[in-house]
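Scroll down for the structure; my scribbles are underneath it.
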Amino acid sequence: MEAADLSRRLEEFYSDATEVLRDVSGITDQQVKHWIVNPFLVALGWDPVDKRQVYLDYPVKPDGHIDYALLDAQGEPRLIIQVGRPGGAAIDVEATAKKSRSVKAPLLLTTDGQEFSLYHVDNNGSPSPLFVLTLKELAENPDALAGLTVSYRLSDTGISQLRKAAIRLAVIQMLEDNSEKTFDAIVGWVSSQVAPGALDETTEAAIREATMLWLTEEYLALPGFGGSGESRKASDLRPTSARDWEPFPGGPAGAFQYKFDTSKTLDLRQSPKEIRSALRLQGLRTPTATSFGGFYHALRHRANLPTSK
C-alpha cells in the first residue's frame, strides 16, 4: 500500500471514528468492534469478513477465545486484538499476552476505541510496548503503521519494519519531550524506557535511526546550521497535519493554504526538503519527524501530483 493511500485511509478512519465516539453514548464493546476496530482494519487493507485474513473470536485452548486474530499467508495468527470500551474495565495486558503466546502470535494490540496500544510478545518476560496512540495520532503517523498493512501479511519482514517504525516514533517523541537532557542522559533514559533489559538488534538499530533523525531536525534549527529564518527549535513550532491544509483558491494544482492562517501557504510542486523548510519558515512542523513523509505524500495525492518525487 502506497504511503499516500494509507495516509488518506487513516484520515477518513479518524474522521468516522471520532463521529461515532461523539454521537454514541454508552458505547459497548461490540459497537467498538463494529464501528471502530473493523474500519481500522479496513484502513490497513484487511478484510474483516474474510476468515483467511481476520478470524473473529479466535479459539484459545482450553476454553477461551481472542476477539480478533490477524492471519499470515499460511493461515497462522500473527497479531491478536483484544477490545474494550471507553470508560470500561482496563484490559489485562499480561493475561492477553499469555493468550498471544499460546497461539504463537508475536504481536498484541489492545484498544478501547480511543487508544490503540501495540506490544511485541516473545516467550519470556513481559510484553514490550511499541506504541500507545490515540485516534488522532494514528492518522498523523501512517509511517509507523505501514508494517501492519495487509501488504505485509505480518511476515517477519513486516513485523521487523513495524517494530523499527514504532520504536523510532517513540524515541523521537521522548527526545522532543526531553531535549534539555545531555546526550548521554538521553541515550540512557530512552534505552531504559523503550526496552528495559537487554536490547536486541532491531531495537538498537531503531534507536540509532530515530536519534539521527531527531538530531538532524534539531541541528537544522540552530543558527549555525539552518537557513535564514529557520533558527527555531522544533518544540517552538506548531504541529500541523494534512487536514489543516486546503487548496489555494484559484491557485495551480499543488498550492495549499493553512486553514487557520491563510497567509501561510505551501507549493507541493516543490521537493520534500523545500516543503519542510517552508513549514519551518512559517513556524510549523509535522507532529513528529517520521510523520513528514505521510504529510507530504497526502497533500501531493490530493493535488493529483506524482507521489514519487
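The values are calculated or read from the model by the stated rules, or taken from the named source; none is laboratory data. On a predicted model such as this, the values are computed, not experimentally measured, just so you know. Cβ coordinates were reconstructed from backbone atoms using ideal geometry, including for glycine residues, and neighbour counts include every protein chain displayed.
Against the criterion of being more than 16 Å from the chain's Cα centre (by Cα) and crowded, with 16+ Cβ neighbours inside 10 Å, residue 269 does not qualify. Of all the listed residues (153, 168), the sole one being in contact (Cβ under 8 Å) with a residue 24 or more places away in the chain, among the charged types (D, E, K, R), out of contact with any His (no Cβ under 8 Å at 6 or more places or on another chain) and more than 22 Å from residue 297 (Cβ to Cβ) is 153.
All of (1) of a type in the set (A, V, I, L, M); (2) buried (at least 20 other Cβ atoms within 10 Å of the Cβ); (3) farther than 23 Å from residue 144 by Cβ hold for residue 118 with one exception: (3). Could you please let me know if residue 3 is modelled with pLDDT of 95 or more, of a type in the set (Gly, Ala, Ser) and under 22 Å from the mean Cα position of the chain (by Cα)? The answer is no for residue 3.
If you scan the range 124-155, which residues turn out to be among the polar types (S, T, N, Q) and surrounded by 23 or more Cβ atoms within 10 Å (Cβ to Cβ)? Explain how you work it out, then say what you get.
The initial filter retains those residues of the range 124-155 that are among the polar types (S, T, N, Q), namely 124, 126, 128, 134, 141, 149, 151, 155.
If the condition is that a residue be among the polar types (S, T, N, Q) and surrounded by 23 or more Cβ atoms within 10 Å (Cβ to Cβ), then 141 is the only one that fits.
Considering only residues in the range 58-104 that are small (Gly, Ala, Ser) and within 24 Å of residue 157 (Cβ to Cβ), the one that is surrounded by the fewest Cβ atoms within 10 Å (Cβ to Cβ) turns out to be 75. Here residue 56 meets the list (1) at positive phi; (2) part of a strand (DSSP E or B) almost entirely, failing just condition (1). When each of 7, 25 is tested for being of a type in the set (Ser, Thr, Tyr), surrounded by 14 or more Cβ atoms within 10 Å (Cβ to Cβ) and either within 18 Å of residue 147 (Cβ to Cβ) or without any contact (Cβ under 8 Å) to a residue 24 or more places away in the chain (or both), the lone residue that passes is 7.
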